[in-house]
Each structure stands twice: as structure tokens, then as C-alpha cells.
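**Q** If you scroll down you'll find the structure; I have some questions about it.
Every number in this text was worked out from the coordinates using simple rules, so none of it is lab data. Just so we're clear, the structure is a prediction, and the values are computed from it rather than from any experiment. Neighbour counts run over all protein chains shown; Cβ positions are idealised from the backbone, glycine included.
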Amino acid sequence: MRHRRRGRKLGRNPKHQRALLRNLASSLILTERDAEFDENAPKVKGRVVTTVSKAKEVRPLVEKCVTIARRSLAAVDAAAEYASSADRGTQEYRAWRTSEQWQKWNAAMAPAVDARRRCQKLLGDKDAVTILFDEVAPRFLERPGGYTRIICLSKPRLGDSGTRAILEFVGVRDRVVERSFKPDFDASDSDDSADEQVETANAEPAGEQDEEAEADMAPADESVESPPADKHEKS
């Protein structure tokens, strides 16, 4: 019995399971990179296609990493107040490193450094962690959760006919919900009555024209002269 054993084995041993989820989560984050001149550029940014079981299993890991990175942004903003704009190795930078400003910056930046180390341990990819903190986390700064979605595909995978699904970040290709409005029957009735008034107004000039035409024809009939009477009738 598998009581109190949540999760999916995915046909692998525990070490292989962790490696699979770590690589899949890193692949999803790495699709957000700038791969314009990359030979292995992703087809669509922020999206991977995998099986439904793997997508459901890796989704909590991705959500956890995004939450850790999102919460560390406040520490980065607080540390920016004490940061120095001098280049590393210059005399000004060395003076800043020995000043009290650096001590404050170090104390304010500590939570962000700890968050990066936690994500590094979960993902195991430095490039993925950099993209996560620089590009993905600021996008979901005001979102308390639900950073990914799973969309099942109707076409199965070739070979084993496995059910496939799309795992992607939300906020880019969201569907717009269009709500239907209840028709206003009073307004439609008023429109019909207005149309009837327009039709009657258009019909009245035509009737008047017919009456005028008949009036013009009547005098013409009266003006016709009657033929002269026969002479034999007079006699």
C-alpha cells in the first residue's frame, strides 16, 4: 500500500525523479532567455510541451522557485539605496567596501543572496536562476500565486501515445473572457416604433403627390369641347 506517499514515481527511482523535475523546471525557465542567435532557440517563450503527469508534478517546483524569487525583490530594492555605482576594482569601489554603507548594503542584500542560493539548490542551473530573478520574478511582483498553467493537448505523443500537455507561464497568452449582455427589449421596442414613424412619414408625401396629380388631370378633362350638334336635328 502507498499510504502517505504522495506524488508520482514516473517509472524512475527517487534520484532520477528529482533530476527529471529539476531539468524540466530549468528548461521552462530557460525558454525566457534571449535566444535570437542561439542554435537551439525555443519555439515559444515561456512554454514547454511534456506529458500531463510530468507537467502536474513539476508545476509545484516551478511555483515555489518563482515565489522565492518574487519575495526577494523587496530586499534588492532596499539594498539599492546603499549600493555604489563605481566599477569593481577602482579606488572609489574599494573605499565603499570599507565604509559603513557597504555594511548596510550587505545586511539588506542578505535575504536576496539566500533566496538565490535556495533556488540554485532546487534547480541546479545558474543560468536558469539568473533568468528567474532578472526576468520572470519581476513580472509576477503583484501576483500572489498561480504563475503557470497546464493545457492538455488532444494529439497524443508519437510512439507510445502518451497524453501531452503544455506547461507555460501566465500573463502573456491569456484568454480574454467576453461576457454576453442581456438584451434591452424596451430599447428595441422604441426603435421599432421609431422605424414605423419614419415609414409613415415617408409614405405621406407619396399620397399627397397622387392627390396633386389627380387634381391636375381633372381640369384637363373639363376643358375638352363637346362635338357640334347635327343640323338635321335643328330642323
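**Q** Using Cα centres only, tell me the gap between segment 1-78 and segment 82-135 in whole Å.
**A** Cα centroid of segment 1-78 versus Cα centroid of segment 82-135: 24 Å apart.
**Q** Further question: How much FRET efficiency would the formula 1/(1 + (r/R0)^6) give for residue 9 and residue 163, where r is the Cβ-Cβ distance and R0 is 22 Å, rounded to 0.05?
**A** 0.80
**Q** More than 21 Å apart: what percent of Cα pairs in segment 35-112 qualify?
**A** Here the long-distance tail beyond 21 Å is 57 percent of all Cα pairs in segment 35-112.
**Q** Rounded to the nearest 0.05, what FRET efficiency is calculated for residue 27 and residue 117 with R0 set to 22 Å and r the Cβ-Cβ distance?
**A** 0.55
**Q** Using the beta-carbon distance between residue 152 and residue 173 and R0 = 25 Å, what value does 1/(1 + (r/R0)^6) give for FRET efficiency, to the nearest 0.05?
**A** In this case the efficiency is close to 0.95.
**Q** Amide H of residue 148 versus every other amide H placed in the peptide plane: which residues, excluding those fewer than 5 positions away on the same chain, fall under 5 Å?
**A** HN-HN under 5 Å from residue 148: 170.
**Q** How would you classify segment 14-169 from its alpha-carbon gyration tensor, with a ≥ b ≥ c the square roots of the eigenvalues: rounded for a/c under 1.5, else prolate if a/b is greater than b/c, otherwise oblate?
**A** prolate
**Q** Please list, in order along segment 149-161, the HN-Hα scalar couplings obtained from phi with the Karplus expression 6.51 cos²θ - 1.76 cosθ + 1.60 (θ = phi - 60°), rounded to whole Hz, x for Gly and Pro.
**A** In residue order, the calculated couplings are 9, 10, 10, 6, 9, 7, 7, x, 6, 5, x, 10, 6 Hz.
**Q** Quick one: what are the phi-derived ³J(HN,Hα) couplings along segment 64-81, Karplus 6.51/-1.76/1.60 with θ = phi - 60°, whole Hz, x for glycine and proline?
**A** 5, 5, 5, 5, 4, 5, 5, 6, 7, 5, 5, 5, 5, 5, 5, 6, 5, 5
**Q** Determine by what factor the alpha-carbon radius of gyration of segment 75-157 differs from 2.2 N^0.38 Å, reporting the quotient.
**A** Relative to the rule-of-thumb radius for its length, segment 75-157 sits at 1.56.
**Q** Once both labels are modelled 7 Å past Cα along the beta-carbon direction, what's the residue 101-residue 18 spacing in nm?
**A** 4.3
**Q** I've got another one for you. Report, by chain and number, residues whose modeled amide H sits under 5 Å from the one on residue 162, excluding near sequence neighbours (fewer than 5 apart, same chain).
**A** The answer is 157.
**Q** Modelled label-to-label distance, residue 87 and residue 73, 7 Å Cα→beta-carbon offset: nm?
**A** Once both label points are built, they end up 3.1 nm from each other.
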